[in-house]
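The values are calculated or read from the model by the stated rules, or taken from the named source; none is laboratory data. Since we're looking at a predicted model, the values are computed, not measured. Methodologically, a virtual Cβ is constructed for each residue, glycine included, from the backbone with ideal geometry; neighbour enumeration extends over all protein chains shown.
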């Protein structure tokens, strides 16, 4: 008997809600600068869906923090990416558990 493997690609966030994960990631990377500044980044992200995270974070650093520090921009981009990757993998694991629950 042949084994069949199915691979599912979710590029538009139907299976895993990547938009919510990204919004939370923007909030988490900016909260250390204060609630008002964090909210500015989150609102910018929501209003500019489809715009690259690099553009959004650069906008935040330059326009909200009034800073031109490229190291800070890189650091925030890396922090954002780690958060999104972790949350998406966790969400994928939870989704897969609904398909093939682990029996204890």
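Given the conditions (1) more than 21 Å from residue 86 (Cβ to Cβ); (2) modelled with pLDDT of 95 or more; (3) exposed (fewer than 14 other Cβ atoms within 10 Å of the Cβ), which single one is not true for residue 6? Only one criterion is unmet by residue 6, namely (2).
Here is a yes/no grid of residues against (1) without any contact (Cβ under 8 Å) to a residue 40 or more places away in the chain; (2) over 18 Å from residue 17 (Cβ atoms); (3) surrounded by 12 or more Cβ atoms within 10 Å (Cβ to Cβ):
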position: 45; (1), (2), (3): yes, no, yes
position: 50; (1), (2), (3): yes, no, no
position: 54; (1), (2), (3): yes, yes, yes
position: 61; (1), (2), (3): yes, yes, yes
position: 65; (1), (2), (3): yes, yes, yes
position: 77; (1), (2), (3): yes, yes, yes
position: 81; (1), (2), (3): yes, no, yes
position: 85; (1), (2), (3): yes, no, yes
position: 91; (1), (2), (3): no, no, yes
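The set of residues from segment 13-28 being in contact (Cβ under 8 Å) with a residue 60 or more places away in the chain, part of a helix (DSSP H, G or I) and buried (at least 17 other Cβ atoms within 10 Å of the Cβ) comprises 18, 21, 22, 25.
When 31, 66, 37 are checked against the criterion of being over 12 Å from the mean Cα position of the chain (by Cα), in a loop (DSSP other than H, G, I, E, B) and at pLDDT 95 or above, a single residue qualifies: 66.
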